[in-house]
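Enquirer: This is the structure I want to talk about, given as structure tokens.
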Amino acid sequence: MPDEKGAAMLDDPNAVTLAMHIPDNFISPSTGGVFWVIMIPVWALCLRSVIREATPAKMSYLGAGAAFSFLIMMFNVPTPGGTTAHGVGGALIAILLGPQYAAVAVSVALLLQALLFGDGGLITLGANCFNMAFVLPFTAYGLYRLLRRLLPSGWKERVAEFVSGYVGIMLAALCVALELGVQPLLFHTDSGQALYFPFTFAVTIPAMLIPHLAVASVVEGLITVVVVEFVRRTAPDVIEPFARVSETSASSAGSAAHAGLRRSAWIALGVVALLSPIGLLATGDAWGEWGAEDFMSATGLDYVPQYIADGFTWNALLPDYSLAGLPDVVGYILSAVIGIAVLTIVFRLLALAVHDRHTAIARG
């Protein structure tokens, strides 16, 4: 039985590593299409909100947030059982700027990863964005607002920030588990062989949730606390209005504070880019991202699902964050730099659209 072999994989500390990006052919095109249909209006509403409300300064921070999300998703950390997981940064962008900004930032980062680096899929982009750019930031933001009302004063800001990041990414991981786990129940041959992802909920839910509960959610929560608290002290008027401690503190930051924050943000991005090869320490393929050529050896199955063996493929320019002829570490760092550069250009162009709109409104 596939689930018995899948369960055995969970007990093997050297089997595989874990990730949240769903590749193409691991869910059916119809499943992927459902999430595209869900996300298109979400993207439209969030982008319209950003263009209407954003200031040029806020767009600069949004670009930095997208670059940080891109980098942190390259930055794998070890989890129990020899697996790895990564943060997303969606909670901290939601708290700092608003969940609609986080949806735009993380979606653009995921699109870049899929197109340029082959990390995640194109058919599955809607599902990946639903999990990491919608469920994560909107859940985190809503929970943060709720906890700020309920918790007593003192450490309530930090507790609310940590819990929002922790729960947000955990729910995103649960969504991945459900999307993968339903595939063999809906799509299989008459003999019972899965056509897409072969393991059901009994395998996917613990495989996704255990590493996230133990490590990835903690990382997301800590990153959220550290970054939000730093911004709160440096330039509090950047923070989304509801998350501010007070309007008085929000009005105290001047242009020097903003310049210092922007400088700190880009320095931090540079440091994270240089440290990104730590993600190479993870061994094996990511859990749920096995290639057709090593599928049977990675999963213990005696077959490769039909559409994983012969389905849609996208030839990324820099697959697996590598450049031909260069050492893996160098290729990983250059991929991080390229990602930052592309995202900077994208969000500067978006900032021009925001500027043009504001200019048109000012002219009446």
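Enquirer: Collect the residues in the range 25-66 that are assigned to a helix (DSSP H, G or I), at pLDDT below 95 and more than 12 Å from TYR101 (Cα to Cα), keeping them in residue-number order.
Expert: PRO56, ALA57
Enquirer: To continue, here is another question. Just to be sure before I move on: is LEU96 crowded, with 18+ Cβ neighbours inside 10 Å, part of a helix (DSSP H, G or I), at pLDDT below 95 and of a type in the set (A, V, I, L, M) in the structure I sent?
Expert: Yes: the conditions hold for LEU96.
Enquirer: Same structure again: From the list ALA133, ALA127, ALA140, ALA105, which residue is modelled with pLDDT of 95 or more, touching a Gly at 6+ places or on another chain (Cβ under 7 Å) and over 20 Å from ALA44 (Cα atoms)?
Expert: It is ALA140.
The rows are residues; the columns are (1) closer than 26 Å to MET73 by Cβ; (2) at pLDDT 70 or above; (3) not in a loop (DSSP other than H, G, I, E, B).
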| residue | (1), (2), (3) |
| --- | --- |
| ALA257 | no, yes, yes |
| ARG262 | yes, yes, yes |
| ALA265 | yes, yes, yes |
| LEU274 | yes, yes, yes |
| TRP290 | yes, no, no |
| PHE295 | yes, yes, yes |
| TYR303 | no, yes, no |
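Residue by residue, here is whether (1) under 15 Å from PHE70 (Cβ atoms); (2) open to solvent by less than 10 Å² (accessible area, probe 1.4 Å) holds:
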residue: ALA105; (1), (2): yes, yes
residue: LEU111; (1), (2): yes, no
residue: THR124; (1), (2): no, yes
residue: ALA133; (1), (2): yes, yes
residue: TYR141; (1), (2): no, no
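Enquirer: Among helices (runs of 4 or more DSSP H) lying entirely in the range 141-225, which contain 3 or more residues that are under 17 Å from the mean Cα position of the chain (by Cα)? Walk me through how you get there before you give the answer.
Expert: Details: elements: 156-181, 183-186, 201-211.
Per the criteria, 156-181, 201-211.
Enquirer: So, in the range 151-185, how many residues would count as being open to solvent by less than 10 Å² (accessible area, probe 1.4 Å) and not aliphatic (A, V, I, L, M)?
Expert: 6
Enquirer: Within the set of pairs 6+ apart or on separate chains, which have a first residue in the range 144-157 that is on the phi < 0 side of the Ramachandran plot and without any contact (Cβ under 8 Å) to a residue 60 or more places away in the chain, a second that is in a loop (DSSP other than H, G, I, E, B) and of a type in the set (D, E, K, R), and C-beta atoms under 8 Å apart?
Expert: That search, which allows pairs on different chains as well, returns nothing.
Enquirer: Go over the candidates ALA309, ALA336, ALA316 one by one and state the one that is open to solvent by 30 Å² or more (accessible area, probe 1.4 Å) and either closer than 30 Å to ALA67 by Cα or more than 20 Å from the chain's Cα centre (by Cα) (or both).
Expert: When all the criteria are applied, what remains is ALA309.
The values are calculated or read from the model by the stated rules, or taken from the named source; none is laboratory data. Note that the structure is a prediction, hence the values are computed from the model and not measured. Cβ: placed from backbone, ideal geometry, glycine included. Neighbour counts: every protein chain shown. Heads up: the accessible areas ignore ligands, DNA and RNA and are worked out on the full protein's heavy atoms, side chains in. Shrake-Rupley method; radii C 1.70, N 1.55, O 1.52, S 1.80 Å.
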